[in-house]
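The block underneath contains the structure these notes are about, expressed in C-alpha cells.
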Amino acid sequence: MAESRPEQIDHFKERYGIRYQGLVADEAMVVSAMAYASRVGVQVMQQGGNAVDAAVAVHFALAVVYPVAGNLGGGGFAVYRTSEGAVHTLDFRETAPEQSTRDMYLNANGKAEPGWSRNGALAVGVPGSVDGMVRLHERFGTQDWASLLAPAITMAEDGFPITALQAERLRDVQDDLLTYNTHDRIPLLGIGWHSGDTLRQPDLARTLRSIQQYKRAGFYEGENLQRLIRSVQAAGGLLTPNDLRSYQSVWREPIQFDYGAYRFYSMGLPSSGGILLAQMLYHLSHFPLAGMGWNTDRYLHLLTEVERLAYADRAKYLGDPDFVAVPVDTLLSAAYLDERLTLIDTQRATPSEAIEAGTIEWQESEETTHFSIVDPAGNAIAITTTLNSRYGSKVMVEGGGYFLNNEMDDFSIQPGVPNQFGLIGGEANAIAPGKRMLSSMTPTIIEKEGDLYMVVGSPGGSKIITSVLQAFLNVTAHGLSLQEAVNAGRVHHQWQPDILYFEDTALDSLTMAQLTARGHTLRERSPYGAVDAIRILPNGQLEGGADFRGDDAAMGW
Ligand code: DON
C-alpha cells in the first residue's frame, strides 16, 4: 500500500514551474483527513469491499480518529457513482428538533443571540450520520456491516497517537468542554496534550459496538437514545425521543450540469453546493480562463464577480426543498443566468450593495471533513460530513463518548443576521420543526467525456464551494497536477461581506495591488479548507490530492 502525506510546498515553485504530483496508484484510492482512516478504507477494498463499504468504514474511523469533525452526532451528504455511471446522492443532513421554533435564538428583546445557536445543547440538530451510513450500506454495500465497524472500535478502545495539530486543537477546546457539559466523562479533557499522546475513547467504543450490533436501532433507540436525550436535556437542549426515532435520510436527485467536456454531479438542496457550482461555472464558461494564467488579477477578478452573484442568490432563494419552494430550474436556466451575466463588469468590481443590500462581518471557527474514494471496479464516492464547528456544540453525550453537532447555526436565525460563516438568509432558510438547515457542503463527482474524471470535496463552511471550484479549475484551466491544485492558495468572495478573502499563498503583492485597483477590498484569512480529491489520469491511473493544510493522507495501491 502506498501512502502520501503532502507537506506545504512554496507557492512560488508552483508559479515558476517546479512541478510535483500527489500519490499515484493503479487500482484504488482513499483520500481523507487522517492516515488511519485512509488506511482502513484501503484495507476494506483489498479484502474485496467496494467504495461504499470503504466509505462506511472510513466514516466510522474518522468518528474515532478525527473527533473534531468526524462524527456519530452530526450529518452530511454522499454522492456515489457506480462504475456503470449511475449516480445516487444521499442526504443525511440534520433536522431541526420538533420543539424548535423560528425565533428560538431571539432574546426577550427580539434580538438574535448567535451564541445560543453555536455552542451548547440548544444548538443541536437531530443527527443523521448513523442513519446515512446504514442506508448507504443497505443499498450498495457488499461486506458484512459488523466487519466495517471493527477497525473503528479497535482504535477507540486501544487508542491512537494524536498528531501535533490534534494536540493543538485539544488544548484550545478545554474551556469550552467544561463550559458546555454537565459532566466530565470526556476523554478529550486534560491539560497539556502533545503530539504522540494516546487518545483512548472507551465510551465511544461502546456506542460503536451498539451500532455494530443493532445498526440504526443501536443509535436511534434503546440505551443510546436514553443517554443522548439525557445529556441534551440536562444541558438545556430540545431533542426528544421522537426526534431521534423519526429521523430519516433522503435519496435525492443530484445537481447535474455540463461545463465543456466535463459533466458534474453534485449535491442538491438542502446543500447549496451543487447549485452554486453550476451557476458559477456557467458564468465562467463565457471567458477564456485557460489563457489568463493561475491566480492572475484578471482571472481572480472574474472568479470574484461570479462568486458574488451566486452567493447573493444563495442568501435569497435557497433552503430545504421539503419546506420551501425553491426556483431551482430558473436559477440554473440559461435565460436567467445570461441575464445575471450582464451584471458582471469585466474590468471593475461591482459593489455588492449594487447586487443586493446589507453589510456584515463575522468570526468563524470551521471544521468539517471530506473524503473521496475510488475502488478497483471504478465505483466512486464523495462524502462530506460535519458537526459544523470544531467539536460541534462541544456537548458530549455522557457515557456515549461522542460530540453533538451545532448545525442549527446554519439556519438563518433572524433575517440579515449572519451565521458563523457570515452567511445571511431569510424566509427560505428560517427554522421550522423537522426542516433541514441550508448547507454549503459540496461532495462532487466529475466525468470527462463520459468517464470518471474527479472525486472532490472540502470542509470550510461557506468557502467549501469556492474551494471545490478552484481545485477543479486549477487542474483543468491552469494545468496543475491535482496535488498542486489542492495545495495552491485560494481566494473567496461570498457577496456579503463585500470582501475578497485570500490565503497568504494565493496572491503576490503585484496581484494584490492590481485587484485593489479594480475596486476589490482584500483581506487575508489563512489557512482554510481541506480539499481531498482523486483524479483519473489519462492512462487510467489515480492521482490523489490530500490537502497539506491538515493531516490529510492519500493511500492506495
Ligand atoms: O453545512 C455547512 O455548510 C456547514 N455546517 C459546514 C461547516 C464546515 O464546513 C466547517 N468547516 N470547516
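Computed over the alpha-carbon pairs of the range 425-557, the distance histogram in 10 Å steps reads 11, 36, 30, 18, 4, 0 percent, short to long. Report the calculated FRET efficiency for Gln43 and Asp329 (r = Cβ-Cβ distance, R0 = 60 Å), to the nearest 0.05. Between Gln43 and Asp329 the formula returns 0.85. Between Gln248 and Arg230, the distance separating the two model label sites (each 7 Å from Cα on the Cα→Cβ line) works out to 3.1 nm.
The charge dipole of the range 278-409, taken about its Cα centre with unit charges on the Cβ atoms of Lys, Arg (+1), Asp and Glu (-1) only, comes to about 280 debye.
Kindly provide the Kirkwood hydrodynamic radius of the range 198-340 in Å, to one decimal, from all pairs of distinct alpha carbon atoms. All intermediate terms of the calculation are to be shown ahead of the outcome.
On the way: mean 1/r = 0.0523 Å⁻¹.
The answer is 19.1 Å.
If both residues of a DSSP beta bridge must be in the chain, then about 95% of such bridges are antiparallel. Considering every alpha-carbon pair of the range 261-352, the percent of pairs per 10 Å bin, from zero through the bin containing the longest distance, is 15, 47, 31, 7, 1. Reducing the range 164-210 and the range 59-129 to their Cα centroids gives an inter-centroid distance of 21 Å. Using a simple spin-label model with pseudo-atoms 7 Å out from Cα toward Cβ, Arg216 and Gln541 lie 4.4 nm apart. Per DSSP H run of at least 4 residues, take -39500 (n - 2.57); add these up for the chain, divide by its residues and hand me the 222 nm value, nearest 500 deg cm²/dmol. Value at 222 nm, helices only: -10000 deg cm²/dmol.
Give the calculated FRET efficiency between Thr350 and Ser509 to the nearest 0.05, with a Förster radius of 22 Å applied to their Cβ-Cβ distance. Could you put the intermediate results ahead of the total?
Numbers: r = 24 Å, r/R0 = 1.11.
The computed FRET efficiency comes out at 0.35.
Note on Thr163 and Asp26: the model spin-label points, each 7 Å out from Cα along the C-beta direction, lie 2.9 nm apart.
If you take the beta carbon distance between Ile191 and Lys111 as r and set R0 to 30 Å, what does 1/(1 + (r/R0)^6) give as a FRET efficiency, to the nearest 0.05? Provide the component values of the computation, followed by the final result.
Values: r = 37 Å, r/R0 = 1.22.
Between Ile191 and Lys111 the formula returns 0.25.
Of the DSSP H helices in the chain, none is both long (alpha-carbon extent of 27 Å or more along the helix axis) and hydrophobic (Kyte-Doolittle mean at least 0.5). Scaling the Cα radius of gyration of the chain by the globular reference 2.2 N^0.38 Å produces a ratio of 0.90.
Restricting to DSSP loop positions (anything but H, G, I, E, B) with no more than 11 other Cβ atoms inside 10 Å of their own Cβ, which trypsin sites (Lys or Arg not before Pro) remain in the range 93-155? Sparse-neighbourhood loop trypsin sites (Lys or Arg not before Pro): Lys111. A dipole drawn for the chain from +1 and -1 charges on Cβ atoms has a positive end, and of Leu188, Leu438, Leu469 the residue lying farthest that way is Leu188.
Taking the centroid of alpha carbons for each part, the range 484-557 and the range 411-427 are 25 Å apart.
Given the range 425-552, what percent of its DSSP beta bridges are antiparallel, to the nearest 5? Walk me through the intermediate numbers first.
Values: 14 of 17 bridges.
In the range 425-552, approximately 80 percent of DSSP beta bridges are antiparallel ones.
The Kirkwood radius of the range 111-241, taken over pairs of alpha-carbon atoms, gives through the Stokes-Einstein law at 20 °C and 1.002 mPa s a diffusion coefficient of 128 µm² s⁻¹.
The numbers here are math on the coordinates, done by the rules we state, and not lab data. The shown structure was predicted, so the numbers you read here are calculated from the model rather than taken from an experiment. Note that each Cβ is placed from the backbone with ideal geometry, even for glycine, and that neighbours are counted across all protein chains shown.
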